[in-house]
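Enquirer: Sharing a structure, written as structure tokens. Questions coming.
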Amino acid sequence: MPQHPPTPPTPPIDPVVAAALEASGVTSTFTAAMIPAARKESADAHDLILAGTAHHGLRHEEFVVETFADGLIPVSVFTPPGDVRPRPVIFYVHGGGMVSGDRFSGMEFLAPWSVEHDAVIVAADYRLAPEFPDPYPVEDTYAALCWTYDNANELGVDPARIAIVGVSAGGGIAAGVTLLARDRGRPPILAQMLLCPMLDDRDQTLSATQIDGVGFWDRESNRTGWAALLGERRGTDDVSIYAAPARANDLSALPQTFIDVGSAEVFRDEAVAYASALWAAGGSADLHVWAGGVHAYEMFAPDAAISRGTVSVRNEWLRSVLA
């Protein structure tokens with residue numbers, strides 16, 4: 001009988017986070033069959049999210065941007081009260097496993113930053129897999145970033161102070177766009193903030209093995225997202241560094257970077273490896289691994305001590321780079 005290696009133990013989950021996750025009723029594994037419901041949930045939340053941004057006094061404007069392969073994508077611009085010009089930009093890339101979500105997803109957590117840092121938030125849709133596989137998501141996002149830079153004067157923003165912020169799949173796309181901007185020579189990016197980023201399609205890390213059927217967005221969920229984006233190319237040598245930035249061998253000449261991740265989530269090891277590669281290339285990376293955190297723990301349990309600490313550290317780092 002062949003001997004199979006023992007399954008590594010799962011790191012402990014913060015008890016407050018674990019209780020909140022159980023109460024949410026969210027399952028650990030996301031499958032392709034769940035994509036339509038996830039997209040509907042995002043669309044149904046628009047009115048509530050926009051009401052929240054209005055509560056913070058943000059002015060919301062919508063634009064349409066030309067993008068890859070003659071496409072058009074909507075872009076939302078949220079501007080805080082007052083007449084200060086030029087303001088810094090928080091360029092936001094939403095999560096959703098490459099298959100769901102839109103530019104409003106997670107905006108309720110981002111809106112306070114606009115007021116606190118007196119920054120304009122630019123959030124763009126990108127076309128979703130599997131209908132629009134790689135390179136659509138990263139090229140759409142890059143086009144929206146270039147549009148922001150090219151229209152800085154009209155938007156009242158400082159083109160030298162653009163920080164790109166990506167969450168989960170959006171963190172991977174943000175990292176890919178930052179590599180694209182470096183390699184194409186524009187636009188300049190002041191900083192990148194990669195929150196629990198989805199960086200590696202190869203499914204070979206220890207954390208991928210550990211987080212299987214536990215927490216939120218486990219190993220099988222990750223395979224679902226990458227398969228939608230890459231199809232049969234997933235895990236092969238035929239994958240671009242812009243689609244899966246963990247594959248990049250050269251991380252030199254990149255902007256200052258913030259990376260955070262939970263200790264009990266599938267993205268842990270690829271996030272740590274990416275920070276290490278940035279340091280090896282002589283770059284600046286501020287890495288935080290939050291003990292007991294599952295994927296998106298700060299959204300499931302916003303009042304937990306780990307979540308409050310996470311939000312505070314993110315906020316202070318962003319303040320330091322946008323000042």
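Enquirer: How long is the gain from ARG319 to LEU72 if the chain were fully straight, where each residue apart is worth 0.36 nm and the alpha carbon distance is subtracted?
Expert: Full-extension gain reported as 85.7 nm.
Enquirer: Something else: Computed on alpha carbon atoms, what radius of gyration and Dmax characterise segment 123-279, expressed in Å?
Expert: Cα only, segment 123-279: 15.3, 48 Å (Rg, Dmax).
Enquirer: Once the Cα gyration tensor of segment 249-323 is diagonalised, what are the square roots of 5 times its eigenvalues, in whole Å and ordered largest first, as equivalent ellipsoid semi-axes?
Expert: 24, 16, 7
Enquirer: Give me the net charge for the shell around LEU128: Cβ to Cβ below 9 angstrom, other residues only, Lys and Arg +1, Asp and Glu -1.
Expert: -1
Enquirer: Any chance you could run the full-extension gain for VAL311 through SER24? It's 0.36 nm times the residue separation minus the Cα-Cα distance, nm to one decimal.
Expert: Gain on extension, VAL311 to SER24, equals 101.3 nm.
Enquirer: Same structure again: With the convex hull built on the Cα atoms of the chain, state its orientation-averaged projected area in nm².
Expert: In nm², the orientation-averaged hull projection of the chain is 16.7.
Enquirer: Just subtract the alpha-carbon distance of ARG186 and ASP118 from 0.36 nm times their residue separation and send over the number in nm, one decimal.
Expert: 22.0 nm
Enquirer: Next question, about the same structure. In a Gaussian network model over the chain where Cα atoms closer than 10 Å are linked, find which of PRO302, PRO187, PRO15 has the largest mean-square fluctuation.
Expert: PRO15
Enquirer: Follow-up. Excluding ALA291 itself, calculate the net charge of residues whose Cβ lies under 13 Å from the Cβ of ALA291, where each Lys or Arg counts +1 and each Asp or Glu counts -1.
Expert: Surrounding charge for ALA291 is -2.
Enquirer: Could you please state, rounded to a whole Å, how far the C-alpha centre of segment 10-71 is from the C-alpha centre of segment 244-260?
Expert: 25
Enquirer: For ASP70, what charge total do you get from the other residues with a beta carbon under 14 Å from its beta carbon, if Lys and Arg give +1 and Asp and Glu give -1?
Expert: Net local charge, ASP70 excluded: -2.
Enquirer: Could you identify which residue out of HIS288, HIS55, HIS46 has the top mean-square fluctuation in a GNM of the chain using Cα springs shorter than 10 Å?
Expert: HIS55
Enquirer: Further question on the same structure: Cut-off 19 Å, label point 7 angstrom out along Cα-to-Cβ of SER284: give me the residues of segment 188-221 whose amide nitrogen falls inside.
Expert: Within reach of a label on SER284: 188-195.
Enquirer: Short version: ³J(HN,Hα) in whole Hz for each residue of segment 265-271, in order, from phi by Karplus 6.51 cos²θ - 1.76 cosθ + 1.60 (θ = phi - 60°), x for Gly and Pro, what are they?
Expert: With coefficients 6.51, -1.76 and 1.60, one gets 9, 5, 7, 3, 6, 6, 5 Hz.
None of the figures in this text is laboratory data; all of them are computed from the coordinates on show. These numbers come from a predicted model, not from an experiment. Neighbour counts run over all protein chains shown; Cβ positions are idealised from the backbone, glycine included.
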